[in-house]
1. Quick check on my filter: what residues within the stretch 69-113 are in a loop (DSSP other than H, G, I, E, B), modelled with pLDDT of 95 or more and among the small types (Gly, Ala, Ser)?
2. When only residues in the stretch 140-156 that are touching a Phe, Trp or Tyr at 6+ places or on another chain (Cβ under 8 Å) and crowded, with 18+ Cβ neighbours inside 10 Å count, which is nearest to ARG362 (Cα to Cα)?
3. If you go through the stretch 325-382 one residue at a time, how many are basic (Lys, Arg) and within 15 Å of VAL21 (Cα to Cα)?
4. For ILE254, indicate whether it is in contact with a strand residue (DSSP E or B) (Cβ under 6 Å, 6 or more places away or on another chain) and either assigned to a helix (DSSP H, G or I) or surrounded by fewer than 23 Cβ atoms within 10 Å (Cβ to Cβ) (or both).
5. Give me a count of the residues in the stretch 279-311 that are within 30 Å of PRO58 (Cα to Cα) and crowded, with 21+ Cβ neighbours inside 10 Å.
6. Just to verify a result, which residue in the stretch 197-216, among those that are more than 15 Å from the chain's Cα centre (by Cα) and at pLDDT 95 or above, is farthest from TYR128 (Cα to Cα)?
7. Only residues in the stretch 51-68 that are closer than 24 Å to GLY103 by Cα count as the first member; pair them with residues that are at pLDDT below 95 and among the acidic types (Asp, Glu), Cβ under 8 angstrom, at least 6 apart or cross-chain, and list the lot.
8. Taking interchain pairs and intrachain pairs at least six residues apart, which have beta carbon atoms under 7 angstrom, with the first residue in the stretch 291-302 and assigned by TED's automatic domain parsing to the domain that holds ILE314 and the second of a type in the set (Asp, Glu) and surrounded by 13 or more Cβ atoms within 10 Å (Cβ to Cβ)?
Amino acid sequence: MIARRLNSVQEYYFSKKLREVAAMIEDGKPIINMGIGSPDLPAHPNVVDALKESFDHPKVHQYQSYQGLHELRKAIADFYKKYYNHAADPNSEILPLMGSKEGIMLISMAFLNAGDKVLIPNPGYPTYQSVTKLVEAEPVFYDLKSYNNWQPDLEELNQMDTSGVKLMWINYPNMPTGANAQLSTFENLISWAKGKGILLVNDNPYSFILTDQPQSILSVKGATEVAMELNSLSKSFNMGGWRVGMVLGNKENINAILKVKSNMDSGMFYGIQKGAIAALQIQESWFKQLNEVYFKRRKLIFKLASILYTDFDINSSGLFVWAKLKDTSKTSLEFIEEILQKHHVFITPGSIFGSQGEGFIRFSLCVEAVQISKAIKRISIK
């Protein structure tokens, strides 16, 4: 009785695995979860206060605009101008979302027909592939490789048959690899996409986490002719459960997404929007404080990764450490399962992100330093 499209996808890995981990915890096993990138730090007090104060507004419990509050769109525009040097019209070039994950579905529904092809990074966020299949489009994978700093290889892209390709997903700073955005990558991809008539979408939730300079593909001149960008408050503002994201692009593309969105939801809760506005207006020192915590945690993760005989990039960005297994006798799935059962530490296998992720494992920084130290002690005891 279920729709045929569900035959093309499986339940999300973390949806299944976290149930297993929860069951182990219920059985009394002291699991340390280093698998998922769900920020454990609190949101800024201004954000919480804005939510509380919103309940005094007479229209707080009413349906909200499909486009979000103008005040929120203006805050997003100001944020993009300040940090990315991109000027966007809050009336026509910005659309708030209930998390950027919603944006992946909305963009796919707005721009893809059955049979269209979509370029997807390998390794990459699994949702790009699953949503592509759900809208009955065809995933076409392009490899990211360590020797190329996990950047798209334009020579390989030019050798691919891109007939029928409508859309290309990119994600910088990259997840899972932690590779940083490179301006030359953005410039080259925009030029290439213009020549091919392909829509580029950069998924950009990590640009303030352990980076020297936040970057956006939209800062490149002429980018909005062929590019859009998803962003989110989940990682940079510790608001994962709030579900606040955004998409920016030209007026025509934003209107296409709005046409889908307005038929799927009835607006974002007023209080969440007010909290998002407060977040976007926080002083820049917030990111420094945040990164001081993640920097200390990452140093401990590097120590743990070394104990597990892996190689890793000490200059990676984002909420994860991507580590290559030196021991190739086990798959990444077998390796992490052994660590989970023997030491009660959950790490993500690289293979869930694609074939190019095999032989790698991923550590989350969303774990208290004391827990990382416990994991180090457990695994150090053979």
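1. Hits for the stretch 69-113 are ALA87, ALA88, SER92.
2. Per the criteria, the residue is LEU144.
3. 1
4. yes
5. The total comes to 2.
6. Checked the stretch 197-216; the qualifying residue farthest from TYR128 (Cα to Cα) is GLY197.
7. Every condition considered, the pairs that remain are TYR66/ASP265.
8. Filtered contacts from the stretch 291-302: no entries.
The values are calculated or read from the model by the stated rules, or taken from the named source; none is laboratory data. Computed from a predicted model, the values in this text were never measured in an experiment. Neighbour counts are summed over all protein chains in view; Cβ atoms, including those assigned to glycine, are modelled from backbone coordinates with ideal geometry.
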